[in-house]
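K.L.:
Okay, here's the structure, questions in a sec.
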Amino acid sequence: MKGPAFGVIALRGGTMKASPNQRFGALLSESPVYAVTDDALPIEHLDAVLAAILDAGVRIVQYRDKVRSDRERVAIARRLGDQVRAAGGLLIVDDRVDLAIAGQADGAHLGQDDLPLDVGRQLMGQNMLLGASASHLEEIEPDRLQNVDYLGFGALFATETKTDAEYAGLDLFREACARANLPVVGIGGITAERVPEVMACGAAGVAVVSALFRAPDPGEAARRLLRAARGAANAP
């Protein structure tokens with residue numbers, strides 16, 4: 001088993017290892033589709049979908065699992081982490097810093113009801129990646145996000161995978177992107193057709209669940225999403 005993925009940064013006169021939180025921005029820029037796993041799927045299907053989307057070019061994956069035991073989630077996180085890092089990517093664990101550490105993931109993503117962000121950072125140290133969720137503008141104040149590497153904002157559209165998600169919408173999302181001083185990823189009901197309008201709000205990337213993990217052809221779905229996101233990011 002390998003731990004968090006340290007890459008290499010070229011410097012004048014030599015190189016240095018880059019930590020997961022140092023690599024995140026460049027990876028998201030290169031591959032602006034942030035995949036979030038679907039815990040309604042059997043684990044063998046999860047493995048197959050993950051292999052397909054990594055082959056298509058997805059490099060940032062969040063392991064979201066609210067149904068299995070902690071012991072199972074640690075084992076799955078370690079296996080998925082090895083798979084993602086072999087492709088040059090990063091694995092993030094949803095909600096639980098302890099599982100991210102035990103599962104040797106590259107980071108954790110914390111919501112409003114999870115550990116306080118400053119506590120999460122203390123437990124993980126300075127090198128692991130830390131993301132935060134928000135649905136309102138008051139949740140993106142700099143004091144709250146000073147320990148955070150990126151923000152997940154939404155839900156932008158209705159979503160079947162998180163029926164209790166607070167609805168934010170594109171107007172609020174556009175303002176959040178303008179105010180935030182860190183990369184913002186849109187989430188909630190995003191499809192390939194909706195990607196351009198989400199990226200036009202100033203998003204650094206799009207987070208998707210169903211559009212990948214429930215697609216008939218996850219690899220082709222990933223390629224369509226990546227084409228749409230890259231095209232929108234490069235639009236004048």
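The values are calculated or read from the model by the stated rules, or taken from the named source; none is laboratory data. Only a predicted model underlies this, so the values are computations on that prediction, with no experimental measurement involved. Using ideal geometry, Cβ is built from the backbone for each residue, glycine included, and neighbour counts are taken over all protein chains shown.
K.L.:
Just need a number here: residues in segment 167-176 that are surrounded by 21 or more Cβ atoms within 10 Å (Cβ to Cβ) and out of contact with any helix residue (DSSP H, G or I) (no Cβ under 6 Å at 6 or more places or on another chain).
P.N.:
The number of residues fulfilling the criteria is 2.
K.L.:
Considering only residues of segment 183-236 that are surrounded by fewer than 24 Cβ atoms within 10 Å (Cβ to Cβ) and in contact with a Pro (Cβ under 7 Å, 6 or more places away or on another chain), which is modelled with the lowest pLDDT?
P.N.:
A233
K.L.:
For segment 106-120, does any single residue satisfy the condition of being within 27 Å of A222 (Cβ to Cβ), touching a residue at least 60 places away in the same chain (Cβ under 8 Å) and in a loop (DSSP other than H, G, I, E, B)?
P.N.:
yes
K.L.:
Related question: Scan segment 121-142 residue by residue and report those that are within 17 Å of the chain's Cα centre (by Cα) and either at positive phi or in a loop (DSSP other than H, G, I, E, B) (or both).
P.N.:
Correct list: N127, M128, S135.
K.L.:
So which residues in segment 36-72 are closer than 18 Å to I101 by Cα and not aliphatic (A, V, I, L, M)?
P.N.:
Within segment 36-72, Q62, Y63, R64, D65, K66, R68, S69, D70, R71, E72 meet the criteria.
K.L.:
So N147 clears everything in (1) crowded, with 16+ Cβ neighbours inside 10 Å; (2) outside any strand (DSSP E or B); (3) at pLDDT 95 or above except one condition, right? Which one?
P.N.:
N147 satisfies every listed condition except (3).
K.L.:
So, Q112, is that one surrounded by fewer than 16 Cβ atoms within 10 Å (Cβ to Cβ), over 19 Å from I60 (Cβ atoms), in contact with a Ser or Thr (Cβ under 7 Å, 6 or more places away or on another chain) and not aliphatic (A, V, I, L, M) or not?
P.N.:
yes
K.L.:
Report, by residue number, each residue of segment 40-76 that is touching a Ser or Thr at 6+ places or on another chain (Cβ under 9 Å) and in a loop (DSSP other than H, G, I, E, B).
P.N.:
Passing the criteria: A40, G57, V58, R59, R64, D65.
K.L.:
Going through R68, R73, R78, R85 one at a time, which residue ends up being over 26 Å from A229 (Cβ atoms), in contact (Cβ under 8 Å) with a residue 60 or more places away in the chain and either buried (at least 22 other Cβ atoms within 10 Å of the Cβ) or of a type in the set (K, R) (or both)?
P.N.:
R78
K.L.:
Determine which single condition L54 fails, assuming it passes every other condition in (1) surrounded by fewer than 22 Cβ atoms within 10 Å (Cβ to Cβ); (2) farther than 16 Å from P218 by Cβ.
P.N.:
(2)
K.L.:
Here is a follow-up. Given the condition touching a residue at least 60 places away in the same chain (Cβ under 8 Å), within 23 Å of G188 (Cβ to Cβ), surrounded by fewer than 22 Cβ atoms within 10 Å (Cβ to Cβ) and in contact with an Asp or Glu (Cβ under 8 Å, 6 or more places away or on another chain), answer yes or no: does some residue in segment 57-64 qualify? Spell out the reasoning first.
P.N.:
Taking segment 57-64 and keeping what is touching a residue at least 60 places away in the same chain (Cβ under 8 Å), we get 57-58, 60, 62, 64.
Remaining after also requiring within 23 Å of G188 (Cβ to Cβ): 57-58, 60, 62, 64.
After this cut, where a residue has to be surrounded by fewer than 22 Cβ atoms within 10 Å (Cβ to Cβ) as well, the list is 57, 64.
Then drop every residue that is not in contact with an Asp or Glu (Cβ under 8 Å, 6 or more places away or on another chain), which leaves 64.
The answer is yes, given that some residue of segment 57-64 is touching a residue at least 60 places away in the same chain (Cβ under 8 Å), within 23 Å of G188 (Cβ to Cβ), surrounded by fewer than 22 Cβ atoms within 10 Å (Cβ to Cβ) and in contact with an Asp or Glu (Cβ under 8 Å, 6 or more places away or on another chain).
K.L.:
Quick one: how many residues across segment 90-105 are crowded, with 22+ Cβ neighbours inside 10 Å and not in a strand (DSSP E or B)? Reasoning before the result, please.
P.N.:
So the first thing to find is which residues in segment 90-105 are crowded, with 22+ Cβ neighbours inside 10 Å, and the list is 90-94, 96-97, 100, 103, 105.
Adding the requirement that they be not in a strand (DSSP E or B) leaves 96-97, 100, 103, 105.
So the answer is 5.
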